[in-house]
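Structure first, then comments.
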Amino acid sequence: MQAVNRRNFLRIAGLGGVVFASGLARAAGAYAAAQEEFFFVQLSDTHWGFQGAPNPDALVTLPKAIQAVNALDPQPDFIVFTGDLTHTTDDPAERRRRLKEFQEVISKLAVRNLRFMPGEHDASLDRGAAYSELFGATHYSFEHKGVHFIALDNVSDPAARIGEEQLAWLKSDLEGQPAEARIVVLTHRPLFPLYPQWDWATRDGDKAIELLMPHRNVTVFYGHIHQEHHYRTGHIEHHSAKSLIFPLPAPGSVPKRVPLAWDPAQPYRGLGFRQIEAEAQPVEYKISELPVVGKA
């Protein structure tokens, strides 16, 4: 009987169709062969603490998503939350309470290797002070099975900038990576100007992209816009994730950015998370979009 590898297992298990396969530049064979394949899960925009008509089920949506992730077999190598862990509040004490409650809720995840970054709802009103107290650094990098991950903070500055200090850190971090390195950037806002009128941009994101351009295998995963979206700047591909609280309209499709109405007949439509398979040779990422609640 033919052995079932992870990719074939995921297809057999019916965990969602692969909706995108990036055409990243091919790394040199010897370099790519030395890398390992793996997969991770991206969750975004949980907005813990939100209350309102766009999601009257807000208290149980995140727990349902956690149950869905815990049901994945095999389990992901790690899970990343790409910002807006909590919903904004002007009260510093309430902000900390929501962040702590979020920690308690996600403690039910079976995977213990968790990565976080803030969204503007978590960090812009206090420049990331409360978030840093509970989750640590707002930007950092780490290695996982031959892939260099970079988490960028484009939300702690209320003007939606990365800032010169962090850009200098990014430049220094990238200097240690060869041109053919497999690099994944994790951020909250899009680095490119998707729709600045709706705050769907990073004011100095072009500077980060310029620093990343010399590297041939770069992919960006972000959140913020509450919907799936794919875009390319040169050879760098950018993929946004769905939200776990409410979907938002397509950029510029309506006069005002407001949540899409809750549909009682399809209560979780437009919400979900994704799994991302990192393949070493050829260098590419296969994305599977998964619903918060699967079909019965």
Could you tell me which numbered condition V220 fails, if it satisfies all but one of (1) at pLDDT 95 or above; (2) aliphatic (A, V, I, L, M); (3) out of contact with any His (no Cβ under 6 Å at 6 or more places or on another chain)?
(3)
Identify all residues within region 282-292 that are at pLDDT below 90 and crowded, with 16+ Cβ neighbours inside 10 Å; write none if there are none.
V283, E284
List the helices (runs of 4 or more DSSP H) that sit entirely inside region 1-109 and contain at least 1 residues that are modelled with pLDDT of 95 or more, open to solvent by 60 Å² or more (accessible area, probe 1.4 Å) and in contact with an Asp or Glu (Cβ under 7 Å, 6 or more places away or on another chain).
92-106
Among the numbered criteria (1) open to solvent by 60 Å² or more (accessible area, probe 1.4 Å); (2) more than 27 Å from P63 (Cα to Cα), which one does R269 miss?
(2)
Qualifying residues in region 118-140 (those that are hydroxyl-bearing (S, T, Y) and more than 16 Å from E101 (Cβ to Cβ)) - the one surrounded by the most Cβ atoms within 10 Å (Cβ to Cβ)
T138
Does Y285 fit the bill of being touching a residue at least 12 places away in the same chain (Cβ under 8 Å) and part of a strand (DSSP E or B)?
yes
Give me the pairs, please: first residue somewhere in region 49-61 and under 15 Å from L99 (Cα atoms), second residue anywhere and surrounded by 11 or more Cβ atoms within 10 Å (Cβ to Cβ) and among the hydroxyl-bearing types (S, T, Y), beta-carbon distance under 7 Å, and either six or more positions apart or on two chains.
G49/T86; G49/T89
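The values are calculated or read from the model by the stated rules, or taken from the named source; none is laboratory data. None of the values given here were measured: they were computed from a predicted structure. Positions of Cβ are backbone-derived with ideal geometry, glycine not excepted, and every protein chain shown enters the neighbour counts. To get the accessible areas, we keep the full protein, side chains included, count just its heavy atoms, and leave off ligands, DNA and RNA. Shrake-Rupley method; radii C 1.70, N 1.55, O 1.52, S 1.80 Å.
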